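Here's the structure, in structure tokens; my notes come after.
The values are calculated or read from the model by the stated rules, or taken from the named source; none is laboratory data. Given the structure is predicted, the values throughout are model-derived calculations rather than measurements. Cβ: placed from backbone, ideal geometry, glycine included. Neighbour counts: every protein chain shown.
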Amino acid sequence: MEERWIKHYSSFHRILLVGEGDFSFSLSLADAFGSASNIVASSLDSYDELITKYKKANSNLVHLKNMGAFILHGVDATEMEHRSDLGKQKFDRIIFNLPHAGFHGQEMLPHVISLHRKLLRGFFRNACGMLQKNGEIHVSHKTKCPYSEWKIEDLAAEYSLMLIECSDFKIEDYPGYKHKRGDGSRCDEPFSLGECSTFKFMFCPAAGKMQRIGGREFQVIPVLTEQHSTSFYKQLPLCRFTNMNDVPLYTGLTSQAHIRNECSRIFGGYLNHVKETFGRTSYDVHGSLNDALRLGFEQYMREGRGRPLSGYIDILEELHHRSISRSQWLIWMLSDLDMEQ
């Protein structure tokens, strides 16, 4: 059978979707795969509630079932591992798109944010035990305030889930997908997504512990999430400032998504070079890194006159964040292989 892909998802993945609205996202995946036999799609709503709330829900469900999907209703993402029809299954990808605990007041209110965090905390607690080896949990989530205050990376880390990638979420990547409000008199209407990303997590039970690999000990440290670390600035190998007071206040890049895109574009060649040369005894990490920083700095400054130097520091922070995330994943994988031998 030919493998088919849509964005992050393969027809060879065993996929669980939770919190589905009108099941249009599940159907988008199924249409791309040409089959839904690898999909388990679930909703918190009962079947009767679903077809009352969403005018296309019934037709979407019919199509999914005809394509071989396994459909479940009344599935609470915070208790799903205890269900007899679901809890014993293992998945390559568990997807929760645009999680929301319901409308209980303005989104910026502390008690509302607390409810959303409670939902995600329960989801992560359940989902981490339902992953296949090397499986991933994907949460697509708005990234601007107040949604950034949910701090989903911190919530995931409570259950040894490590962030391995964060990519822009674009609804046009999933033909036919219609995101819904899901509650109230306008439940069948869409809402503004704004800046939105897909956060990818992997279970890393050794996080924070010492691991011995090839006779050497490594510590798996938490993923860095704090921006503008003064200690990190001072340790940069490329630093053309005499002191921190020479660094202008950051006024350029205004969104984390923009910073991620800039990082990928400027340092994409460097990351590919690391991938191509990994394992060679002649590989000079120090030289390669300094070359990348020099070339990246020149490209950043060349592309716009008057760009603040601190904008480049933000891009380096993102590169630093990605490097640590991937190092953690590699340490865990190598440790796992050692235990199998």
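Here are the numbers for this structure:
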{"item": "Test result for Asp22, part of a loop (DSSP other than H, G, I, E, B) and in contact with a helix residue (DSSP H, G or I) (Cβ under 8 Å, 6 or more places away or on another chain)", "result": "yes"}
{"item": "Some residue of region 3-22 being within 21 Å of the chain's Cα centre (by Cα) and at positive phi", "result": "yes"}
{"item": "Breaking point among (1) farther than 23 Å from Ser140 by Cα; (2) within 23 Å of the chain's Cα centre (by Cα), for Val62", "result": "(2)"}
{"item": "Among residues of region 151-185, those that are in a loop (DSSP other than H, G, I, E, B), crowded, with 16+ Cβ neighbours inside 10 Å and charged (D, E, K, R), counted", "result": "3"}
{"item": "Flag for Glu107 being in a helix (DSSP H, G or I) and not basic (Lys, Arg)", "result": "no"}
{"item": "Qualifying residue in region 35-52 (condition: of a type in the set (Gly, Ala, Ser), more than 24 Å from Cys187 (Cα to Cα) and assigned to a helix (DSSP H, G or I))", "result": "no"}
{"item": "Residue match in region 165-179 (condition: touching a Cys at 6+ places or on another chain (Cβ under 9 Å), in contact (Cβ under 8 Å) with a residue 12 or more places away in the chain, farther than 25 Å from Lys55 by Cβ and of a type outside the set (Ser, Thr, Tyr))", "result": "yes"}
{"item": "In region 133-152, the residues that are at positive phi and among the charged types (D, E, K, R)", "result": "Lys151"}
{"item": "Members of region 82-104 found to be in contact with a helix residue (DSSP H, G or I) (Cβ under 7 Å, 6 or more places away or on another chain) and not in a loop (DSSP other than H, G, I, E, B), listed by number", "result": "Phe91, Ile94, Phe96, Asn97"}
{"item": "Restricting region 131-150 to residues that are assigned to a helix (DSSP H, G or I) and touching a helix residue (DSSP H, G or I) at 6+ places or on another chain (Cβ under 6 Å), the residue that is farthest from Cys204 (Cα to Cα)", "result": "Glu149"}
{"item": "Answer residue from region 33-77, given it is among the polar types (S, T, N, Q) and surrounded by 17 or more Cβ atoms within 10 Å (Cβ to Cβ) and is nearest to Arg14 (Cα to Cα) among those", "result": "Asn38"}
{"item": "All positions within region 11-29 that are out of contact with any Lys or Arg (no Cβ under 7 Å at 6 or more places or on another chain) and either over 18 Å from Gln89 (Cβ atoms) or not assigned by TED's automatic domain parsing to the domain that holds Ile95 (or both)", "result": "Phe23, Phe25, Leu27, Ser28"}
{"item": "Qualifying residue in region 63-81 (condition: touching a His at 6+ places or on another chain (Cβ under 7 Å), at pLDDT 90 or above, outside any helix (DSSP H, G or I) and at positive phi)", "result": "no"}
{"item": "Region 10-32, residues that are surrounded by 23 or more Cβ atoms within 10 Å (Cβ to Cβ) and more than 23 Å from Arg181 (Cα to Cα)", "result": "Ile15"}
{"item": "Any hit, region 173-184, residues being at pLDDT below 85 and small (Gly, Ala, Ser)", "result": "yes"}
